[in-house]
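Data block below; observations after.
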Amino acid sequence: MSPERPEFRSEEIALPQRLLAGASANDSRILAALQGELTAAWEACGAFEWVALGYLALSGFLIALFAENSPHPGRLLAAQTLVAVAILALCLAGERSAARAADFGEQWTTHFWHFWRHWYPHLFFLFCFEELGKLVHLANSGWKDAKLIAFDHWLTGVHPAIWLEQFATPARNDFFQFTYLTYFTYLLLVGGILYYRRDWRGYWAVMTYSAVGYAIGYVIAMFFPIESPWFAMAGAWHSDLHGGAFTATINFIERFGRVRGAAFPSEHVAGSMAALWGAWRHRRWLFWVLLPLVMCMCASTIWGRYHYIADVFAGLATGTLGYWLGTWIMTHRRAVATEPRCSTN
């Protein structure tokens, strides 16, 4: 005799179905809200973010493609994802803060978001440069310095870093280390003047020139790893470069912030050229002020044993290319995402 099958009321069957339908509708609303936030964040981006997020996407693809050459590809991808999310969130927060200020007047949060919306690119550049130390062997496991050592010798008939040692004195060393340090001020100075003058198009143009120049250099460094004369030719000179306060400062920075690799092209030179071209286009008088400093800074990279001459030439080229491509990118609609809707005084 077969057991009787239990009778289910229609209400008992309909209840789980309603719960599932409600959960599905809930998920759809959450997904739609997330899509809306992502769309709004993207619309709040400008030319700089297009380049920055594009670089993160490209380098992330290379990390995944050459994952076997990286000890921690998952960590690198996670860090890049967090940076991308932070950029989008900051752009969205800045856009909404400016809109609230236009509707209800400025508050302290207006100035807070306005400042970080404009100045975070410097932190992004720092992140990318420090990260590059972990990416230089993605495509090639060895160093290619021998090629640039041979190029420098072919070009000059000597090994420049070794040959310059005969002219080293504490005063000269300190002078060139001072000019090497001036690199860190160029983008701050050009950007700061444009920011103070509320020239938002000029400001974001200079940041975009720099982003394109740096991105090109970073990608080249991943496929052509150069560790610099400091490492490749260590022991070829008779002594370290001794000097005063500026030499001590550089030694401190190099001790805690040096990235082994990523020497070709010189990002110091590329970044300096992008800022210099920005000054030429947007504040011509500043170009003439910076030009002698940039020239001495380029020489200091050889004097201080940080770069080969080939690195300098490549940095000049990538910085200039960054300016040309950045100028083209800035012609696009919405290249300047920020609007002068709030005072910064």
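The values are calculated or read from the model by the stated rules, or taken from the named source; none is laboratory data. Small disclaimer: the values here were computed from a predicted structure and weren't measured. Note that each Cβ is placed from the backbone with ideal geometry, even for glycine, and that neighbours are counted across all protein chains shown. In case anyone asks, the SASA skips ligands and DNA or RNA and just uses the protein heavy atoms, side chains included. Shrake-Rupley method; radii C 1.70, N 1.55, O 1.52, S 1.80 Å.
A compact table of results
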| quantity | calculated |
| --- | --- |
| Of all accessible heavy-atom area on the chain, the percent that carbon and sulfur account for (1.4 Å) | 66 |
| Size of the chain as Cα extents on the principal axes (Å, biggest first) | 105, 63, 35 |
| Accessible heavy-atom area order of 240, 152, highest first, probe of 1.4 Å | 240, 152 |
| D (Stokes-Einstein, µm²/s), Kirkwood Cα radius, the range 153-303, 1.306 mPa s at 10 °C | 95 |
| Positive minus negative residues near residue 88 (Lys, Arg vs Asp, Glu; Cβ under 13 Å) | -2 |
| Accessible surface ranking that places the most exposed of 95, 43, 68, 49 first, with a 1.4 angstrom probe | 68, 43, 95, 49 |
| The range 235-345: radius of gyration and largest Cα-Cα distance (Dmax), Å | 17.7, 59 |
| Nonlocal amide H pairs with residue 336, under 5 Å, H built at 1.01 Å | 47 |
| Long-range amide H partners of residue 159 with built H, under 5 Å | none |
| For the range 95-170: accessible area per residue (Å², 1.4 Å) | 57 |
| Average projected area [Cα convex hull, the range 12-161], square nanometres | 16.5 |
| Probe 1.4 Å, accessible area per residue of the range 198-345, Å² | 42 |
| Where only C-alpha atoms are counted, convex hull volume of the range 213-258 per residue in Å³ | 102 |
